[in-house]
1. Mind checking whether some residue in segment 80-102 is of a type in the set (A, V, I, L, M), under 16 Å from the mean Cα position of the chain (by Cα) and either assigned to a helix (DSSP H, G or I) or surrounded by fewer than 16 Cβ atoms within 10 Å (Cβ to Cβ) (or both)?
2. Being more than 21 Å from T106 (Cα to Cα), away from the ligand (no atom under 16 Å from the Cβ), in contact with a strand residue (DSSP E or B) (Cβ under 6 Å, 6 or more places away or on another chain) and of a type in the set (D, E, K, R) narrows it down to one of R11, R68, R63, so name that one.
3. Which one of these does K171 not meet: (1) more than 21 Å from M142 (Cα to Cα); (2) away from the ligand (no atom under 11 Å from the Cβ)?
4. Would you please list the contacts, defined by Cβ atoms under 7 Å and residues six or more apart or on different chains, that run from a residue in segment 1-16 that is within 20 Å of A61 (Cα to Cα) and among the β-branched types (V, I, T) to a residue that is surrounded by 12 or more Cβ atoms within 10 Å (Cβ to Cβ) and at pLDDT below 90?
5. If I ask for residues that are loosely packed, with under 14 Cβ neighbours inside 10 Å and either of a type in the set (A, V, I, L, M, F, W, C) or in contact with a His (Cβ under 6 Å, 6 or more places away or on another chain) (or both), which ones from segment 207-230 would you list?
6. With the structure loaded, tell me whether E203 is surrounded by fewer than 13 Cβ atoms within 10 Å (Cβ to Cβ) and under 16 Å from the mean Cα position of the chain (by Cα) or whether it fails that test.
7. Starting from segment 20-36, take each residue that is closer than 8 Å to N102 by Cα and list its partners that are near the ligand (Cβ under 6 Å from one of its atoms) and of a type in the set (D, E), counting only C-beta distances under 6 angstrom and pairs at least six apart or across chains.
8. Just to verify a result, which residue in segment 108-120, among those that are part of a helix (DSSP H, G or I) and more than 16 Å from the ligand (Cβ to nearest atom), is nearest to V48 (Cα to Cα)?
Amino acid sequence: MAKEPDSAPARLRVDLAGQVAVVTGASQGIGRAIAETLAANGAVVALVARSAAKLAEVAAAIRAAGGRAEEFPCDVSKGEAVTAVVEGVVARLGRIDILVNNAGVTRDTLLPRMSDEEWDEVLSTNLRGPFLFMRAVSRPMMQQRYGRIVNVASVSGLIGNPGQANYSASKAGLVGLTRTVAKELAGRKITVNAVAPGFIASEMTAALGPVLLDEVKKRVPAKRLGEAWEIAEAVLFLVAPSSGYLTAQVVTVDGGLIG
Ligand code: NAP
């Protein structure tokens with residue numbers, strides 16, 4: 001299960017029994033914590049990422065904890081694969097109530113050195129992927145007149161970050177996409193929000209190395225990195241049935257970094 005600090009506070013509880021959630025990038029890090037949290041609150045979770053082996057491990061952990069999860073291996077940037085996953089989830093699990101677009105990649109380098117491939121890979125995973133998934137789930141959600149969509153953005157998309165022209169553009173685009181789709185779907189009782197994490201302990205930030213991470217901790221008012229489960233708690237709040245009037249928002253979870 002997701003790592004918690006020694007003095008872990010009581011976790012939020014939401015009744016998601018009978019609901020089906022699709023979580024992308026669920027094979028590790030923040031996505032895994034989100035999947036485990038939604039399952040722990042009663043949702044059946046469809047786990048999406050490219051690595052089938054890692055998804056099987058996450059599904060086993062969720063089942064061992066008493067939850068329900070099924071694996072749907074898929075590259076989120078591929079249109080036909082996304083359509084097949086959404087059709088497969090509806091066929092096998094009956095409905096889709098919650099979509100969390102969390103899959104994301106970084107290919108950091110300064111602008112003059114950034115290749116076309118580095119630009120395209122980040123944009124197609126971080127922005128095209130959420131577009132494809134939202135378009136695909138919009139039909140079943142509109143038919144059932146209920147839905148909760150959360151897109152995992154980043155503070156980099158809100159304030160920019162040197163070395164991340166591709167990544168911050170993808171996350172800023174995701175914020176615009178979130179706000180627009182929220183306005184299109186609000187009348188069908190579907191909410192669409194974004195969570196913008198600051199620096200969260202995961203493989204993505206471990207790649208920065210210990211020296212840079214120490215610098216980051218000094219800059220964050222909370223003086224620590226966030227934990228994956230702390231992002232999952234914000235997502236859980238946004239997908240609660242009682243959050244129906246909360247839409248088109250970006251919830252920043254960053255220890256005060258950009259406050
Ligand atoms: P991570 O540990 O690198 O995990 C990324 C996840 O995305 C993995 O499950 C990966 O699985 C999946 N993924 C990547 N490309 C994919 C593709 N084309 N199709 C399907 N799945 C794909 O990253 P993380 O730190 O947990 O980050 C999760 C999200 O939070 C990302 O959107 C990231 O931008 C955002 N975020 C993270 C931080 C942070 O500090 N960690 C801060 C701000 C925002 P496979 O490799 O198996 O496909």
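1. Scanning segment 80-102, I find at least one residue that is of a type in the set (A, V, I, L, M), under 16 Å from the mean Cα position of the chain (by Cα) and either assigned to a helix (DSSP H, G or I) or surrounded by fewer than 16 Cβ atoms within 10 Å (Cβ to Cβ) (or both), so the answer is yes.
2. Unique residue meeting the criteria: R68.
3. (2)
4. Every condition considered, no pair remains.
5. Correct list: A207, V211, L212, A222.
6. Yes, satisfied.
7. If the second residue must be near the ligand (Cβ under 6 Å from one of its atoms) and of a type in the set (D, E), no pairs are left.
8. Only one residue tops the list, namely D116.
The values are calculated or read from the model by the stated rules, or taken from the named source; none is laboratory data. On a predicted model such as this, the values are computed, not experimentally measured, just so you know. We place every Cβ from the backbone using ideal geometry, glycine too, and count neighbours over all the protein chains shown.
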